[in-house]
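In what follows, a single structure is set out as structure tokens and then discussed.
The values are calculated or read from the model by the stated rules, or taken from the named source; none is laboratory data. All values derive from a computational prediction rather than experimental measurement. Neighbour counts are summed over all protein chains in view; Cβ atoms, including those assigned to glycine, are modelled from backbone coordinates with ideal geometry.
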2 protein chains.
Amino acid sequence: MNDRQRISGVLSPVVTPFTSDLAPDPDRFARQCRWLLSQNVGLAVFGTNSEANSLGVDEKVELLDRLVAAGIDPARMMPGTGCCALTESARLTAHAVKAGCAGVLMLPPFYYKGVSDDGLYRNFAEVIERVGDARLRVYLYHIPPVSQVPITLGLVERLLKAYPAQIAGMKDSSGDWNNTKAFLDAFAPSGFDVFAGSETFLLRTMRNGGRGCISATANVNPGPIAKLYDTWKGAGADAQQARLDEIRGVFAKFPMIPALKAAIAHYGNDPAWRTVRPPLVALSADQSNALVAELDRKQFAMPGL
Amino acid sequence: MNDRQRISGVLSPVVTPFTSDLAPDPDRFARQCRWLLSQNVGLAVFGTNSEANSLGVDEKVELLDRLVAAGIDPARMMPGTGCCALTESARLTAHAVKAGCAGVLMLPPFYYKGVSDDGLYRNFAEVIERVGDARLRVYLYHIPPVSQVPITLGLVERLLKAYPAQIAGMKDSSGDWNNTKAFLDAFAPSGFDVFAGSETFLLRTMRNGGRGCISATANVNPGPIAKLYDTWKGAGADAQQARLDEIRGVFAKFPMIPALKAAIAHYGNDPAWRTVRPPLVALSADQSNALVAELDRKQFAMPGL
């Protein structure tokens with residue numbers, strides 16, 4: 001891989017469709033991925049908003065194979081591959097690399113809390129060594145509100161020193177701009193690609209040397225987010241950012257994953273999308289109606305879905 | 001299964017031995033289980049202290065099969081089977097039931113935080129339905145300091161109503177006696193078996209209608225803990241409890257899982273036991289020496305190891 005062509009821009013942690021008996025639905029998944037690509041948004045499949053951690057590793061391997069078989073370009077994919085068990089992280093990561101994925105978004109092992117940077121370093125190093133493939137590009141996934149296990153500046157520094165070709169960047173879902181800024185200042189100048197964890201921080205991230213964002217709401221508002229990425233240097237960027245924030249603010253009033261699925265179900269006229277796997281719960285009819293009513297008031301649309 | 005013969009007493013979340021290349025070591029694991037059984041302690045394999053969440057589901061299936069093949073009695077086992085993905089929880093639970101295990105200790109799905117009791121109910125219900133075996137006995141695992149996802153009184157009440165034969169009890173690792181007491185008061189009289197999450201609460205748990213404890217330090221101090229369970233109505237019980245607390249207090253000064261393994265390595269004269277999987281880190285030589293020195297000062301021993 002030519003690293004000057006590393007993946008960048010806006011990616012969606014693609015929501016995973018389930019059948020009524022809670023099995024993943026590969027055909028509906030492939031259709032959604034195709035729509036996102038048509039909106040100029042890449043595919044961070046198996047992210048937090050994909051309910052990836054409600055899928056078994058066998059299910060993720062199978063789903064990835066089905067996407068590739070359906071003709072979805074793996075060079076536009078950054079699947080989540082970080083599991084609690086390093087054997088599973090290594091298996092899923094190796095599979096993604098062999099499939100030709102642009103990179104992998106890697107959670108730290110997230111069951112044990114209060115673990116040391118030394119232990120996290122050993123985890124990531126062991127996965128990289130086991131995969132043993134020069135094509136591997138790892139994006140570290142910092143999402144302490146959910147994982148409760150942070151990625152620190154010191155950990156990134158140590159990993160970059162040991163694996164400069166493999167450690168390609170990070171996604172910062174801390175929700176704390178000061179944290180994103182610290183990583184941008186420390187590592188972006190040497191080619192470490194920082195992605196904001198939501199479009200809320202897209203413009204600031206781009207103005208500070210970042211490479212894009214990977215955002216829940218890129219599932220439902222992909223075109224306008226991708227447009228800000230393409231035109232962030234232009235005069236209208238701040239107004240675009242404000243409009244993105246307005247739409248995201250509507251979704252943020254509801255449980256995010258069920259709300260994304262409710263919107264896709266409604267605007268795509270495909271009620272099957274409402275299904276979530278436990279422990280999540282779908283929006284109630286009242287919640288769905290309230291979400292859609294507010295989105296309609298803001299002239300929200302999902303063109304081409 | 002005759003429910004009057006449900007598993008009770010002291011169980012150990014058996015620490016999992018790894019080879020130098022971090023693979024599980026089934027022979028060493030079976031030897032350890034045999035020793036624990038000889039000390040009158042049951043086998044809560046694949047618990048938090050087993051580094052179970054650093055093992056893949058395939059590895060757990062294989063290890064369980066190897067234990068049974070080695071002649072370890074599954075009627076003395078309560079393997080941990082709760083994963084983030086309900087498909088994996090169902091697979092591992094079904095495997096444990098088919099193997100003849102006395103019960104399973106089930107974590108809630110622990111990646112997504114702030115989930116509702118409704119979502120957790122659906123998770124456990126779905127696993128029970130999928131396993132679909134009258135022999136299944138589920139012990140709910142409440143360990144909010146690690147899982148960050150609690151098991152509430154309301155959730156237990158709802159599950160007991162729907163699955164009175166399957167929902168057999170719980171392990172309370174909250175570290176909060178008031179919480180354990182609330183579950184004992186609410187559910188023990190109707191036959192719900194509450195296990196304390198450590199021997200610290202063993203005597204109080206027994207005096208309030210509980211059924212035993214499942215404790216990290218039952219890996220290293222099994223005989224004395226089992227003896228208190230057997231003699232808790234006797235005159236010496238409070239003194240026994242104080243002695244147990246003293247030994248546990250030594251281990252609690254160190255990272256628990258590496259300390260358990262360091263003690264087994266030292267007192268069993270088997271250095272291979274020191275190995276932990278990332279993200280954990282083994283005790284340093286200085287830490288090991290300090291641990292052993294303090295245990296020796298307290299005349300601690302692991303007879304028969």
* Residue count, the range A:113-124 (criterion: in contact with a helix residue (DSSP H, G or I) (Cβ under 7 Å, 6 or more places away or on another chain) and crowded, with 17+ Cβ neighbours inside 10 Å) -> 5
* To do: Please determine, by comparing only the residues of the range B:229-239 that are more than 22 Å from the chain's Cα centre (by Cα) and of a type outside the set (A, V, I, L, M, F, W, C), which one is surrounded by the fewest Cβ atoms within 10 Å (Cβ to Cβ).
  => B:Lys233
* To do: Please verify whether the range B:151-173 includes one or more residues that are away from chain A (no Cβ under 14 Å), over 30 Å from A:Ser50 (Cα atoms), of a type outside the set (D, E, K, R) and touching a Pro at 6+ places or on another chain (Cβ under 6 Å).
  => no
* Go through the range B:245-262 and count every residue that is part of a helix (DSSP H, G or I) and either farther than 15 Å from B:Ser50 by Cα or at pLDDT below 95 (or both). => 7
* State the number of residues belonging to the range B:91-135 that are out of contact with any strand residue (DSSP E or B) (no Cβ under 9 Å at 6 or more places or on another chain) and within 15 Å of B:Met78 (Cα to Cα). => 4
* Structure fact -> Note on B:Ala69: of the conditions (1) within 18 Å of B:Arg31 (Cα to Cα); (2) within 13 Å of chain A (Cβ to nearest Cβ), unmet is (2)
* Asked: Out of the range A:1-54, which residues are of a type in the set (A, V, I, L, M), farther than 20 Å from A:Pro145 by Cα and within 14 Å of chain B (Cβ to nearest Cβ)?
  -> A:Leu22, A:Ala23
* Asked: Which residues, taken from the range A:111-120, are within 7 Å of chain B (Cβ to nearest Cβ) and in a loop (DSSP other than H, G, I, E, B)?
  -> A:Tyr111, A:Tyr112, A:Lys113, A:Val115, A:Ser116
* Considering only residues of the range B:95-105 that are surrounded by fewer than 19 Cβ atoms within 10 Å (Cβ to Cβ) and not charged (D, E, K, R), which is farthest from the other protein chains (Cβ to nearest Cβ)? -> B:Gly100
* Structure fact -> Looking across the range A:125-150 at residues that are farther than 23 Å from B:Ala52 by Cα and hydrophobic (A, V, I, L, M, F, W, C), the single one that is surrounded by the fewest Cβ atoms within 10 Å (Cβ to Cβ) is A:Ala134
* **Candidate set: the range B:67-102, residues that are assigned to a loop (DSSP other than H, G, I, E, B) and β-branched (Val, Ile, Thr); chosen: the one farthest from the chain's Cα centre (by Cα)** => B:Ile72
* **Breaking point among (1) hydrophobic (A, V, I, L, M, F, W, C); (2) buried (at least 24 other Cβ atoms within 10 Å of the Cβ); (3) without any contact (Cβ under 8 Å) to a residue 24 or more places away in the chain, for A:Phe46** => (3)
* Asked: Can you tell which of B:Pro79, B:Pro145, B:Pro108 is more than 9 Å from chain A (Cβ to nearest Cβ) and either of a type outside the set (Asp, Glu) or more than 19 Å from B:Gly175 (Cβ to Cβ) (or both)?
  -> B:Pro79
* Asked: When you look at B:Arg158, is it surrounded by fewer than 23 Cβ atoms within 10 Å (Cβ to Cβ), touching a Phe, Trp or Tyr at 6+ places or on another chain (Cβ under 7 Å) and not acidic (Asp, Glu), yes or no?
  -> yes
* Scan the range B:196-208 and give yes if some residue there is touching a Pro at 6+ places or on another chain (Cβ under 8 Å) and over 25 Å from B:Val68 (Cα atoms), otherwise no. => no
* Asked: Within the range A:266-298, can you find the residues that are closer than 16 Å to A:Thr217 by Cβ and away from chain B (no Cβ under 14 Å)?
  -> A:His266, A:Tyr267, A:Gly268, A:Trp273, A:Leu291, A:Val292, A:Glu294, A:Leu295, A:Lys298
* Asked: Could you say whether any residue in the range A:180-203 is under 21 Å from A:Thr93 (Cβ atoms), aromatic (Phe, Trp, Tyr) and touching a Cys at 6+ places or on another chain (Cβ under 9 Å)?
  -> yes
* To do: Determine whether A:Thr81 is surrounded by 23 or more Cβ atoms within 10 Å (Cβ to Cβ) and over 24 Å from A:Val220 (Cβ atoms).
  => yes
* Asked: Is it the case that B:Val149 is over 17 Å from B:Ala44 (Cα atoms) and in a loop (DSSP other than H, G, I, E, B)?
  -> yes
* Restricting the range A:1-47 to residues that are part of a loop (DSSP other than H, G, I, E, B) and among the charged types (D, E, K, R), the residue that is farthest from A:Ser89 (Cα to Cα) -> A:Asp21
* **Matching entry among A:Ala186, A:Ala226, A:Ala242, A:Ala182 (being under 18 Å from the mean Cα position of the chain (by Cα) and assigned to a helix (DSSP H, G or I))** => A:Ala226
* Asked: If we scan the range B:203-219, do we find a residue that is over 28 Å from B:Ile151 (Cα atoms), away from every other protein chain (no Cβ under 14 Å) and in contact (Cβ under 8 Å) with a residue 24 or more places away in the chain?
  -> no
* Which residues, counting only those in the range A:121-138, are acidic (Asp, Glu) and within 14 Å of chain B (Cβ to nearest Cβ)? -> A:Glu126, A:Glu129
* Structure fact -> Checked pairs for the range B:104-132, first touching a residue at least 40 places away in the same chain (Cβ under 8 Å), second among the β-branched types (Val, Ile, Thr) and assigned to a helix (DSSP H, G or I), C-beta under 7 Å and 6 or more apart or across chains, list as B:Val127/B:Thr93; B:Val131/B:Thr93; B:Val131/B:Val97
